[in-house]
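Participant: Below: one structure in structure tokens.
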Amino acid sequence: MSFDYDLFVIGGGSGGVRAARVAASTGAKVALAEEYRMGGTCVIRGCVPKKLMVYASGYPDVFDDAMQYGWDVTLGDFDWGHFRNKLHTELDRLEEVYRNLLNGSDVDIFDGRATLDDPHTVRIGDKTVKAKHILVATGGHPLRPDIPNAELGLVSNDIFLMEKLPKSVLIIGGGYIACEFACILHGLGVEVTQYYRGAQILRGFDDEARGLLADSMIQRGINLHVGTNIVEMAPASEEHGGPTPTASDASMGISAQDIASHSKSDTAEKAKGPIWVKSTNGTEKVFDHVLFATGRAPNTNGIGLEEAGVKVGRWGEVVVDDYSQTSAPSIYAIGDVTNRVQLTPVAIREGMAFVETVFKGNPTKPDHELIPSAVFTQPELGTVGMTEEEARDQEPIEVYCTSFKPMQQAFAGKSDRVLMKLIVAKQSRKVLGCHIVADHAGEMIQLAGIAVKMGATKEDFDRTVAVHPTMAEEIVTMKEPMRTA
Ligand code: NDP
């Protein structure tokens, strides 16, 4: 069979773009199709715009601290319109960077939706091309719960497109996105209520870290209710204690122009406030917006996976082996669409391992062990390795833990506390896990992650001289275990 391309990548997110570029650098003839904006979730409607919002939301604290340190400053109002325009200019720039990187690598770009006709044939509009290998990197999309009127709620994609900031928002969920947006919106001056159905936010993270973070969020003024979920929602009427929505309420949401130019089909086209909500604890309240941060699902619908013989799993994910190969030998899949670890740097690693395997003759499994990550809340939560709960089920452990008021905030009269925690294997002395709740914990865990990944022991940490005065020095100065298990 003759092929138009050695590799056809479906999806222009971080994983797909990297795989396409690196494959092309081996001399392979490569094409990539993207139906929306180059850059994917991370760049266009995820990590990047979210982090810029994290920065924006942190300034009230900076001003507050500055005053405590003797500065005569006054915090004015936050201009969402100014920020939003600047944000979208930056996203346009980044999208162009991605496009230029592909062009510079001689990757042919197809701006359109690609579907599979068979294991080697890709259809883009009325054009079909044959490819020796196909890489599915179509990512995922946010989910709404299955309740009537759920389409009135926003999802994370929509936040970056809002015409104006709401006065109040109800966030549903207790994962990364829910907690991050609770802190961001609170920092920007929105009255935030968060309902999480479980007993504590951030299921799967270290219990002590979750507890401290939840306390910090509540202390900052986030109205967090655990063990609580939404049961009903509807447009608010006077009967619900809210005004009857009028045409002008649409401006609370997202303009039709934005939907056309910036969004995908999972964007809230009907989102309008105010919204009446009834919760599992019986309370009825009206919020300007409801934000669903209730998980994400792989983008596998309607792309011809069945026709191509690609097996799809229970959660709608593309099923792959250790080398990211699907049940159709010519088709591989990486990133969120495989529902392994939904993190950009992991998708990139999976893409690189795919190229190594298929185009460099060096079979390589992506390494999913000891992945550091951070939740960009205020304070941040950085984590690598096992939680105390996981580790103690595996083997005898020592837990080194300290919680203290950091110098900078203590001087400013704040009650914020920092948590540093090491989980150590009693026998091998290896540090199995490290958990940090602190400002800049994301930066700290990246570096601690190297030591943990290298298999550092507690004694290696102890041998490392402290950098004084820092918060992070506590990670090398914890002498006695807090407890053993
Ligand atoms: P998560 O899976 O982390 O969280 C989903 C949350 O929604 C959970 O708290 C879940 O509860 C709750 N939930 C699910 N279904 C319902 C429902 N029907 N009703 C009420 N609550 C519900 O997903 P996110 O959307 O927050 O994030 C998706 C992924 O994206 C993350 O897993 C992460 O890998 C990645 N991400 C990473 C970031 C980072 O690195 N900083 C930032 C943002 C996202 P329960 O716990 O009970 O299941």
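The values are calculated or read from the model by the stated rules, or taken from the named source; none is laboratory data. Since we're looking at a predicted model, the values are computed, not measured. With ideal geometry, Cβ positions are generated from the backbone for all residues, glycine too; neighbour counts draw on all protein chains shown.
Participant: All but one of (1) surrounded by 15 or more Cβ atoms within 10 Å (Cβ to Cβ); (2) at pLDDT below 95 hold for Asp439; which doesn't?
Facilitator: Failed condition: (2).
Participant: Right, another one. Please enumerate the residues belonging to the stretch 320-373 that are among the hydroxyl-bearing types (Ser, Thr, Tyr) and in contact with a helix residue (DSSP H, G or I) (Cβ under 8 Å, 6 or more places away or on another chain).
Facilitator: Tyr323, Ser324, Tyr332, Thr338, Thr344, Thr364, Ser373
Participant: Can you tell me which of (1) within 16 Å of the ligand (Cβ to nearest atom); (2) over 14 Å from His440 (Cα atoms); (3) buried (at least 17 other Cβ atoms within 10 Å of the Cβ) is the one Ser373 doesn't meet?
Facilitator: So the condition that Ser373 fails would be (2).
Participant: Criterion first (in contact (Cβ under 8 Å) with a residue 40 or more places away in the chain and either away from the ligand (no atom under 16 Å from the Cβ) or within 22 Å of the chain's Cα centre (by Cα) (or both)) does Arg93 satisfy it?
Facilitator: No, not satisfied.
Participant: Could you please give the count of residues in the stretch 1-35 that are touching a Ser or Thr at 6+ places or on another chain (Cβ under 8 Å) and not small (Gly, Ala, Ser)?
Facilitator: Number satisfying all stated conditions: 3.
Participant: For Lys264, which of the numbered conditions (1) outside any loop (DSSP other than H, G, I, E, B); (2) closer than 21 Å to Val43 by Cβ; (3) modelled with pLDDT under 95 fails to hold?
Facilitator: The number of the failed condition is (1).
Participant: Of everything in the stretch 21-39 that's part of a loop (DSSP other than H, G, I, E, B) and touching a Phe, Trp or Tyr at 6+ places or on another chain (Cβ under 8 Å), which residue is nearest to Ala137 (Cα to Cα)?
Facilitator: Met38
Participant: Return the residue satisfying two criteria in turn: it lies in the stretch 212-233 and is more than 14 Å from the ligand (Cβ to nearest atom) and surrounded by fewer than 16 Cβ atoms within 10 Å (Cβ to Cβ), and of such residues it is farthest from Leu419 (Cα to Cα).
Facilitator: Gly221
Participant: Quick one: would you say Gly175 is surrounded by fewer than 23 Cβ atoms within 10 Å (Cβ to Cβ) and within 19 Å of the chain's Cα centre (by Cα)?
Facilitator: Taking the combined requirement at face value, the residue satisfies it.
Participant: Might you let me know whether the stretch 284-298 holds any residue that is out of contact with any helix residue (DSSP H, G or I) (no Cβ under 6 Å at 6 or more places or on another chain) and closer than 20 Å to Leu32 by Cα?
Facilitator: There is no residue in the stretch 284-298 that is out of contact with any helix residue (DSSP H, G or I) (no Cβ under 6 Å at 6 or more places or on another chain) and closer than 20 Å to Leu32 by Cα.
Participant: Hey, another quick one. Scan Met38, Met67 and give me the residue that is modelled with pLDDT of 95 or more, crowded, with 17+ Cβ neighbours inside 10 Å and over 16 Å from Ile334 (Cβ atoms).
Facilitator: Criteria check complete, one pass: Met38.
Participant: Quick one: which residue in Leu32, Leu75 is among the hydrophobic types (A, V, I, L, M, F, W, C), in contact with an Asp or Glu (Cβ under 8 Å, 6 or more places away or on another chain) and surrounded by fewer than 17 Cβ atoms within 10 Å (Cβ to Cβ)?
Facilitator: Only one candidate qualifies: Leu75.
Participant: Would you say Phe404 is over 28 Å from Asp462 (Cα atoms) and surrounded by fewer than 21 Cβ atoms within 10 Å (Cβ to Cβ)? Before the answer, list the steps.
Facilitator: Working: over 28 Å from Asp462 (Cα atoms): no; surrounded by fewer than 21 Cβ atoms within 10 Å (Cβ to Cβ): yes.
Answer is no for this residue.
Participant: Here's another thing I want to ask about it. Could you tell me which of the residues Ile450, Ile445 is part of a helix (DSSP H, G or I), surrounded by 15 or more Cβ atoms within 10 Å (Cβ to Cβ) and among the aliphatic types (A, V, I, L, M)?
Facilitator: Criteria check complete, one pass: Ile445.
Participant: Residue check: is Glu163 of a type in the set (Asp, Glu), within 16 Å of the ligand (Cβ to nearest atom) and either surrounded by fewer than 18 Cβ atoms within 10 Å (Cβ to Cβ) or modelled with pLDDT under 95 (or both)?
Facilitator: Against the criterion (of a type in the set (Asp, Glu), within 16 Å of the ligand (Cβ to nearest atom) and either surrounded by fewer than 18 Cβ atoms within 10 Å (Cβ to Cβ) or modelled with pLDDT under 95 (or both)), Glu163 does not qualify.
Participant: Among the residues of the stretch 124-143, write down those that are crowded, with 19+ Cβ neighbours inside 10 Å and not β-branched (Val, Ile, Thr).
Facilitator: Of everything in the stretch 124-143, those that are crowded, with 19+ Cβ neighbours inside 10 Å and not β-branched (Val, Ile, Thr) turn out to be Ala131, His133, Leu135, Ala137, Gly139, Gly140, His141, Pro142.
Participant: Check Val337, Val312 and return the single one that is buried (at least 16 other Cβ atoms within 10 Å of the Cβ) and within 16 Å of the ligand (Cβ to nearest atom). So that I can check it myself, show each step before the final result.
Facilitator: Details: Val312 fails: within 16 Å of the ligand (Cβ to nearest atom).
Result: Val337 is the single residue among Val337, Val312 that is buried (at least 16 other Cβ atoms within 10 Å of the Cβ) and within 16 Å of the ligand (Cβ to nearest atom).
Participant: Out of (1) more than 20 Å from the chain's Cα centre (by Cα); (2) more than 10 Å from the ligand (Cβ to nearest atom), what's the single condition that is false for Ala199?
Facilitator: With respect to (1) more than 20 Å from the chain's Cα centre (by Cα); (2) more than 10 Å from the ligand (Cβ to nearest atom), Ala199 is out only on (2).
Participant: Tell me which residues, restricted to the stretch 167-179, are over 21 Å from Lys51 (Cβ atoms) and either in contact with an Asp or Glu (Cβ under 6 Å, 6 or more places away or on another chain) or away from the ligand (no atom under 13 Å from the Cβ) (or both).
Facilitator: Listed by number, the residues that qualify are Lys167, Ser168.
Participant: Moving on to the next point. From the list Leu154, Leu143, Leu188, pick out the single residue that is more than 16 Å from the ligand (Cβ to nearest atom) and on the phi < 0 side of the Ramachandran plot.
Facilitator: Leu188
Participant: Among residues belonging to the stretch 315-327 that are in contact (Cβ under 8 Å) with a residue 40 or more places away in the chain and buried (at least 19 other Cβ atoms within 10 Å of the Cβ), point out the one that is farthest from the ligand (Cβ to nearest atom). Show your work before the answer.
Facilitator: Residues of the stretch 315-327 that are in contact (Cβ under 8 Å) with a residue 40 or more places away in the chain, as a first pass: 318, 322-324, 326.
Add one more test, that the residue is buried (at least 19 other Cβ atoms within 10 Å of the Cβ), and what stays is 318, 324, 326.
Numbers: Val318: 17, Ser324: 18, Thr326: 21 Å.
Out of the qualifying residues, it is Thr326.
Participant: Taking the options Pro148, Pro119, name whichever one is within 16 Å of the ligand (Cβ to nearest atom) and over 22 Å from Thr41 (Cβ atoms).
Facilitator: Details: Pro119 fails: within 16 Å of the ligand (Cβ to nearest atom).
Result of the check over Pro148, Pro119: Pro148.
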